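These notes are about the structure you will find just below.
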Amino acid sequence: YVYNNGANGLIASLDDLDGGSGVAWSGNTSTLIGATAQSFYDGAANTTAMVTQDATANKAGTLCDNYTGGSQTDWYLPASWELNLLYNSAFTINTILENDGNGTTNGLNPENNTPPTYGNYWSSTEYNSTLAWYCYFGFGNSGLNGKNGTYRVRAVRAF
């Protein structure tokens, strides 16, 4: 996604960080983080708040926070509206990544409701102590699920 005539935007990681099997949003599924993790547009701040909790190893926010693709260290789990921008660019992203001849790059996966992730991607936007927002990449609609749900994870970084 780009704006300001290409001067700013979001870059997505070249593959899902969950290995295709999905991960939970957090291992802490009953504690409210609060306003610092409830932004619909600031995934970087949400991710920072997520990883300060206990029980986040190998969970959605921490996978993104620890990612170093392209030798960059400022990756994060996109907020709900940022994830929607990723969905809106899915055609372009998938066309490029699925046709680049590199087996380690993969497009966004709608999965047609196939378990365990059902084509859903986690956002970093918390709803309450037990729920967080996700986006279904088959249709682009958003919804809420328990933080212990198993969904895909794609990191982004801003430029």
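Listing for the model above:
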| quantity | calculated |
| --- | --- |
| Förster radius 30 Å - calculated FRET efficiency between residue 35 and residue 104, Cβ distance, rounded to 0.05 | 0.20 |
| Accessible area of the range 73-130 belonging to carbon and sulfur atoms, whole % at 1.4 Å probe | 53 percent |
| Principal axes of the range 83-159: Cα extent on each, largest first, Å | 42, 32, 21 |
| Residues listed by number, the range 140-159, amide nitrogen under 17 Å from residue 112 label point at 7 Å toward C-beta | 140 |
| Residues residue 55 and residue 91, FRET efficiency given R0 of 25 Å [Cβ-Cβ distance, rounded to 0.05] | 0.10 |
| Virtual spin-label span in nm between residue 48 and residue 11, 7 Å along Cα→Cβ | 2.1 nm |
| Solvent-accessible area per residue, Å², over the chain with all protein chains present [probe radius 1.4 Å] | 48 Å² |
| Longest to shortest principal axis, alpha-carbon extents of the range 1-113, angstrom | 42, 34, 32 |
| Nearest-0.05 FRET efficiency for residue 131 and residue 3, computed from C-beta distance (R0 35 Å) | 0.70 |
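The values are calculated or read from the model by the stated rules, or taken from the named source; none is laboratory data. All values derive from a computational prediction rather than experimental measurement. Note that each Cβ is placed from the backbone with ideal geometry, even for glycine, and that neighbours are counted across all protein chains shown. Areas reflect the complete protein model, heavy atoms only, side chains present, ligands, DNA and RNA absent. Shrake-Rupley method; radii C 1.70, N 1.55, O 1.52, S 1.80 Å.
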